[in-house]
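Peer 1: Sharing a structure with you now.
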Amino acid sequence: MILLCTGLALIPADYAKAAGTNFFSATQVDVIPMGSNRLVRAVNDNGDIAGTVRKEDHRGPSGIVWRKDGLTEVINNDKQARKKPAGILGEEEAKLRKGEDYSTASAINNNLQVVGSMNTTTGMQAYRTDAQGNPVLLELPLGDTGSAALAINLAGKTTGWSSGPDGIRAVIWSPAGEAQILPRLPGSKSCRGQAINNSGDIAGVCDTVSGLRAVLWGGGSDKTAFDLGTLPGDSWSEASGINNRGDIVGASGLTGGDHHAVIWPKGGAIEELGTLTGHTSSKALAINNTGEVVGISEYNSNGHISDERAFMWTEQRGMEDLNDLVLSSSDFVLSHAIAISPRGLITAVGRHLDPDAEGHAHGTHELPLQVFRLSPQQLGRAK
């Protein structure tokens, strides 16, 4: 059941000091009793949210779409594809097991196409939904046995990974569902495409002998893997998001140590985005076409993570606690800002405040996960 709980749009007393700041109204769209913070993965420009939730009967997780109109859609093999796009072999459809109990939803575009992965008779395989919302399996590269789709652009081009005897390889699927393997960085046996823009540029990661490296695959016919590098002195980096300008965001850090949110501006060098005050680590998860970045900032003490806070970063104001930008007197803490649309709609997750902890939240295992849709607001306007 969808629970709607929109707070009053109360303007912070010190709003005059916050010129240029974006403020948001928060609408709770669901409560998830158990699960990881990364169950919620993407939002489109209409406010439709994609993610993965374990069903109440505990048979396994299912891909979910929380529609802006208040409806929810479960993506599973009960909705078998009746039509296949050009390039997909007919026998691929037969792999779908009706009533199967495992699927994921990783991304959604403005055409309501959803991508993810689901069980088949031979293993997990990437899918993309058709115009009727039915999952259609995407082509497996020759010899591979499993795949997953992680991102989709407006044209339906999809990226993710495929695995087989030659390791894990980043893939781009055409709108017709045909797979193209992306090259790996030298010495790498594992790569994933994690984000794609409307030009077909792909950002992701390869696991090299030197550690994880953020990677860019250009949108042209030459899909050479370009190592985006790390912050000076760091040992790994990962790309999580890319916008239509070609700006890329992610994180850079030390193995076993702290990490920081970063941006690779189109054609520029890596830049650190910092952390919230008192925190030690951060990670950027998404960037929109105007350069607004969202993610997570946290305090990490010898591997013990606490005080997770969702952030928003802009070039004008730097990194801000997203909780301070919500126009309501709230009883929750936003811990992760997962995605941001071109219009500035943000998908975030959080939990109720612990009344006995001076404003801090319970541990992530103690309270249900709340899913929120944040809508940008003009100062002085109530929602």
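What follows draws every value from the coordinates through simple rules; no lab data is involved. Since this is a predicted model, take the numbers as computed values, not measurements. Neighbour counts run over all protein chains shown; Cβ positions are idealised from the backbone, glycine included.
Peer 1: Compute the length gained on full extension between Gln180 and Thr145: take 0.36 nm times their separation in residues and subtract their Cα-Cα distance, giving the result in nm to one decimal.
Peer 2: Details: separation 35, 0.36 × 35 = 12.60 nm, distance 1.52 nm.
Full extension of this stretch gives 11.1 nm more.
Peer 1: Past the 25 Å Cα-Cα mark, which pairs from Lys68/Lys266; Lys157/Lys266; Lys68/Lys283? Please list the in-between numbers first.
Peer 2: On the way: Lys68/Lys266 32 Å; Lys157/Lys266 21 Å; Lys68/Lys283 27 Å.
Pairs exceeding the cut-off: Lys68/Lys266; Lys68/Lys283.
Peer 1: Looking only at the range 252-287, which residues have a backbone nitrogen under 18 Å from a spot 7 Å from the Cα of Glu315 in the C-beta direction?
Peer 2: Label zone hits: 262-274, 286-287.
Peer 1: Let me ask something else about it. State the extension gain, in nm to one decimal, for the chain segment bounded by Ala155 and Leu112, taking 0.36 nm per residue of separation less the distance between their alpha-carbons. All intermediate terms of the calculation are to be shown ahead of the outcome.
Peer 2: Values: separation 43, 0.36 × 43 = 15.48 nm, distance 1.14 nm.
Once the chain is fully extended between Ala155 and Leu112, it gains 14.3 nm.
Peer 1: Only residues of the range 219-246 count here: report those whose backbone N is under 18 Å from the spot 7 Å along Cα→Cβ of Thr280, or say none.
Peer 2: What the label zone holds, given the 18 Å backbone N cut-off, is 234-236.
Peer 1: Only residues of the range 185-204 count here: report those whose backbone N is under 13 Å from the spot 7 Å along Cα→Cβ of Thr255, or say none.
Peer 2: Hits in the range 185-204 for Thr255 at 13 Å: none.
Peer 1: In addition: Using 0.36 nm per residue of separation minus the Cα-Cα distance, give me the extension gain between Ala131 and Val74 in nm, one decimal.
Peer 2: Working: separation 57, 0.36 × 57 = 20.52 nm, distance 1.53 nm.
Extra length available between Ala131 and Val74 comes to 19.0 nm.
Peer 1: Taking 8 Å as the Cα distance limit and 6 or more residues as the minimum spacing, I'd like the relative contact order of the range 137-290 as a percentage. Could the numbers behind the result be given before it?
Peer 2: Working: 427 pairs, mean separation 21.6, N = 154.
Computed over the range 137-290, the figure is 14 percent.
Peer 1: Starting from the Cα gyration tensor of the range 140-181, take the square roots of the eigenvalues, sort them a ≥ b ≥ c, and report rounded, prolate or oblate (rounded when a/c is under 1.5, otherwise prolate if a/b is larger than b/c, else oblate). Could the numbers behind the result be given before it?
Peer 2: Working: a/c = 2.90, a/b = 1.96, b/c = 1.48.
Prolate shape, in that a/c is at least 1.5 and a/b is the bigger ratio.
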